[in-house]
1. Identify, by number, the condition in (1) at pLDDT below 95; (2) surrounded by 22 or more Cβ atoms within 10 Å (Cβ to Cβ) that Q299 doesn't meet.
2. Can you confirm whether F187 is in contact with a strand residue (DSSP E or B) (Cβ under 9 Å, 6 or more places away or on another chain) and surrounded by 15 or more Cβ atoms within 10 Å (Cβ to Cβ)?
3. Take the residues in region 87-121 that are over 27 Å from the mean Cα position of the chain (by Cα) and part of a loop (DSSP other than H, G, I, E, B), then tell me which one is nearest to S66 (Cα to Cα).
4. Given (1) hydrophobic (A, V, I, L, M, F, W, C); (2) in a strand (DSSP E or B); (3) touching a helix residue (DSSP H, G or I) at 6+ places or on another chain (Cβ under 8 Å), identify the lone condition not met by W251.
5. What residue, of P217, P254, is under 22 Å from the mean Cα position of the chain (by Cα) and surrounded by fewer than 24 Cβ atoms within 10 Å (Cβ to Cβ)?
6. Are any residues in region 30-51 in contact with a Leu (Cβ under 9 Å, 6 or more places away or on another chain) and over 15 Å from T105 (Cα atoms), and if so, which ones?
7. Which of (1) closer than 27 Å to A297 by Cβ; (2) at pLDDT 90 or above; (3) among the β-branched types (V, I, T) is the odd one out, the single condition V30 does not satisfy?
Amino acid sequence: MNENKKIRLLVAGGGTGGHLYPAFAIVEEVAARDLLEEVLFVGTPYGIEAKKVPEKGYPIKFIWISGFRRDFTVQNFLFPFKLVASLVQANRIIREFKPSVVLGTGGYVSGPVLYVATRRGLPTLIQEQNSFPGVTTRLLASRVDRVHITFDISRKYFKKQDNLFLSGNPISRKINNERLESDYHKFGLDPKKQTILIIGGSQGAHRINSVILELIPWLMEHPQYQVIWSTGKKDYEEVAKICDIYGQRIWKQPFIDDMSMAYSISDLAVSRAGALTLTELSIAGIPAILIPYPYAAGQHQLNNAQVLEEQGAALVIEEKNLTPEKLFADIFYLLNNPEPLQNMKKNILTWANPHAAQEVVNSLLEIAKIK
């Protein structure tokens with residue numbers, strides 16, 4: 001039993017928000033229970049964690065590791081040297097920080113840290129967000145104490161089964177399912193109209209934006225529709241210039257600061273299929289048309305989306321099949337047929353676990369021997 005009753009938590013994960021934000025949710029849950037003695041993040045200088053972790057006020061140390069690219073590149077020749085250097089760096093970080101438990105949330109950075117931690121006999125846990133587990137998760141799953149998965153379908157990718165736990169994807173954002181008229185007014189929208197939410201991920205999605213721009217005139221022919229559109233930075237000016245003629249029926253910004261409020265007034269989402277976004281959509285109960293990013297590692301966005309489609313919780317359009325006509329037809333069908341839309345809403349609500357962060361933290365405390 002850990003006599004300190006608190007944990008020194010080392011967190012390795014990043015590269016993308018999908019790997020980093022679940023880590024934030026887990027750390028915040030430990031802190032909320034007043035069980036966090038100290039936390040240290042490990043990342044790379046070129047991942048999203050280099051900016052976002054300091055913004056949260058957490059300390060971070062960097063290692064040299066990077067991914068092995070599928071195409072021919074000089075960077076691949078450096079990979080063995082980066083790996084060895086990163087193992088040495090990870091060992092030094094662990095020796096100096098003296099963690100009581102180590103959490104990996106994916107991305108290449110978690111590999112060396114978790115490997116060294118298991119070699120040193122430290123309690124270790126992986127939290128995997130996607131239906132098709134990442135390379136690091138698959139390589140280290142048999143070595144760590146526990147693996148928490150988001151999709152039940154992921155079980156088939158693991159040789160070792162007795163350390164798997166289905167907990168869902170932790171999120172820190174508080175999502176309010178209550179629909180308030182005041183939330184419509186904050187977006188300048190009409191509570192009597194149906195709201196379509198368009199989100200392409202933190203960087204926006206140029207292909208989705210381009211298709212939406214083509215079909216916007218068709219949507220605006222129907223006075224019962226209005227749009228909340230998170231464009232990303234790159235496409236914002238073009239979207240704003242074309243959509244300004246429709247006045248307040250289209251709210252558009254590069255980013256949505258209050259996603260919970262946007263979810264609360266949305267009837268249908270058009271979205272990529274990152275695990276974090278799917279978790280938020282499901283907790284909010286938003287039926288979705290999913291357009292997976294086609295270049296995601298291991299096609300994990302397509303796999304994620306297909307799981308929801310098979311459960312009747314979403315429609316999926318692969319980007320290679322995406323046309324303005326196809327997307328408009330699906331939007332029009334769902335918004336004009338209450339029964340299928342309500343069935344999707346009911347099914348997506350059953351998919352996510354709003355208590356995922358609590359369950360992962362319970363697991364961390366158990367392997368750290370803190371009751």
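The values are calculated or read from the model by the stated rules, or taken from the named source; none is laboratory data. This one's a predicted model, so the numbers in the text were calculated from it and none came from an experiment. Reconstructed Cβ throughout: ideal geometry from the backbone, glycine too, with neighbour counts over all protein chains shown.
1. (2)
2. yes
3. The residue in question is R120.
4. Against the list (1) hydrophobic (A, V, I, L, M, F, W, C); (2) in a strand (DSSP E or B); (3) touching a helix residue (DSSP H, G or I) at 6+ places or on another chain (Cβ under 8 Å), W251 comes up short only on (3).
5. Values: P217 fails: under 22 Å from the mean Cα position of the chain (by Cα).
Going through P217, P254 in turn, the sole match is P254.
6. Initially, region 30-51 is screened for residues in contact with a Leu (Cβ under 9 Å, 6 or more places away or on another chain), giving 30, 33, 35-43, 47-49.
Matches in region 30-51: V30, R33, L35, L36, E37, E38.
7. So V30 meets the others, but not (1).
To keep it simple, each residue is scored yes or no on (1) closer than 23 Å to A269 by Cα; (2) surrounded by fewer than 19 Cβ atoms within 10 Å (Cβ to Cβ); (3) among the β-branched types (V, I, T); (4) out of contact with any Cys (no Cβ under 6 Å at 6 or more places or on another chain).
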site	(1), (2), (3), (4)
N321	yes, yes, no, yes
L327	yes, no, no, yes
E339	yes, yes, no, yes
N362	no, yes, no, yes
